[in-house]
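Comments concern the structure below.
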Amino acid sequence: MIVYGPIPSRRLGQSIGINNIPPKTCSYSCVYCQLGRTTQMQMERQAFYQPEDIFREAQIKLKQLESEHKTADYFSFVPDGEPTLDLNLGKAIRMLKPLGVKIAVITNASLLWQDDVREDLMEADWVSLSMDAASEDTWRRIDRPHGKLKHRDVLRGILEFSNVYRGTLVTETMLVDGINDDDACLEGIAQQLALIHPKKAYILVPTRPPAESTVRRASTESLKRAVAIFRGVSGADVACITGDEAEEGFFFTDNITEDILGIASVHPIRDDIVDSLLARKHADRSVISTLIDEGKLIEYAYEGKTFYRRNLQKS
Ligand code: SF4
């Protein structure tokens, strides 16, 4: 079955899945993959299923939903492998669009350095890019890419795509204990996020049995640091998906003062990032001046820029 669902999804609402890749064909073999180890590792695109067959199944699925007085929010390309390996991805998206349901693609982003892959994804309404590592070494350890892929090409492709894409761009970072959850890794990823400007940067942890049994989810403490560093360095809107709603809420408050103090206690925040955090909560600079007056926040200059850090003696 190429078309399945709909599956309720926190990010995409009612989402009809499109499985356009045979299991398990991928350009990565991530240590955390819930589909197990990659059996067909490849980086060359090829035709798998006919776009006409995908369209026909999608049409039947929509009719079935209609008869049940239900609707779908998205067609989501979330296959048993990497969706951009499908040479017909762009054609399939173009065929589905007239059905009036938005299109989402969740990709590991490894092939975005190829012009035709970027062109295909331009057709989608919502694209999620994987961003597990900013350094070659960590990338190889966590995503275990095809031997001929080069990390600098992947990062360049992500940047090129993010510069031209006009739909909703989000990122996914899977945090694995002891691999990509230390401060250096988190800061590297956050610096990439600052260049990509995702609408939302999602932080995830493995919630289903991973490909490698030694993989452990990052701790709550690491997640807390990741949220603070991602927000403090990139200014991105960050959300956590851990499968535990109580834990997910733990990292965020509705109180901008507490948010800023929380981030600044883990990582210095640059002036312009403070501005974007304030703007998102419709707050003004008086929040910062009050915290400085109260001695809770310290303002300092570094390399010509203004930063703020928590005064830990006042916490
Ligand atoms: S990119 Fe996705 S499908 Fe491929 S190995 Fe990683 S998690 Fe699994």
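The values are calculated or read from the model by the stated rules, or taken from the named source; none is laboratory data. These numbers come from a predicted model, not from an experiment. For neighbour counting, all protein chains shown are included, and Cβ atoms are generated from backbone atoms with ideal geometry for every residue, glycine included. Calculation scope for accessible area: heavy atoms of the full protein, side chains included, ligands and nucleic acids excluded. Shrake-Rupley method; radii C 1.70, N 1.55, O 1.52, S 1.80 Å.
Just a few scattered comments:
- Antiparallel DSSP beta bridges within the stretch 3-252, percent to nearest 5: 20
- Cβ-based net charge around Y4, under 12 Å, with every Lys or Arg adding one and every Asp or Glu removing one: -1
- Rounded Å value of the spacing that divides the Cα centres of the stretch 115-182 and the stretch 222-245: 18
- Here the calculated FRET efficiency for E248 and L99, from their Cβ-Cβ distance with R0 = 45 Å, stands at 0.85, rounded to the nearest 0.05.
- Residue among S265, S289, S29 with the largest mean-square fluctuation in a Gaussian network model of the chain, springs linking Cα atoms under 10 Å: S289
- Charge dipole of the stretch 172-315 (Cα centre as origin; +1 on each Lys and Arg Cβ, -1 on each Asp and Glu Cβ, all else neutral): 120 debye, rounded to the nearest 20.
- Förster radius 30 Å - calculated FRET efficiency between E258 and E160 (Cβ-Cβ, nearest 0.05): 0.20
- Ordering of 299-305, 18-24 by burial proxy (mean other Cβ atoms within 10 Å per residue, highest first): 18-24, 299-305
- Under the Karplus curve 6.51 cos²θ - 1.76 cosθ + 1.60, θ = phi - 60°, whole-Hz ³J(HN,Hα) for the stretch 133-141, x wherever Gly or Pro sits: 7, 9, 10, 4, 4, 5, 4, 5, 6
- Accessible area per residue for the chain is 47 Å², calculated with a 1.4 Å probe on protein heavy atoms, without ligands, DNA or RNA.
- Evaluated at q = 0.07, 0.16 Å⁻¹, a Debye calculation over the C-alpha positions of the chain (equal weights, vacuum) places log10 I(q)/I(0) at -0.30, -1.32.
- The trypsin sites (Lys or Arg not before Pro) of the stretch 81-156 that meet both conditions, a loop assignment by DSSP and at most 13 other Cβ atoms within 10 Å of the site Cβ, are K148, K150.
- Partnerless cysteines, meaning none of the other Cys C-beta atoms lie under 4.7 Å away, in the chain: C26, C185, C240
- Per-pair calculated FRET efficiency, R0 = 35 Å: Q42 and K63 via Cβ, rounded to 0.05: 0.50
- Segment K305-D80, extension gain: residue separation times 0.36 nm, minus the distance between their alpha carbons: 76.4 nm
- Atom-type composition of the exposed protein surface of the stretch 148-236 places 48 percent of the accessible area on carbon and sulfur (1.4 angstrom probe).
- When each of the peptides 67-73, 30-36 is scored by how many other beta carbons lie within 10 Å of its residues on average, the order from highest to lowest is 30-36, 67-73.
- Cut-off under 5 Å, modelled amide H: who pairs with L297 long-range: I292, N311
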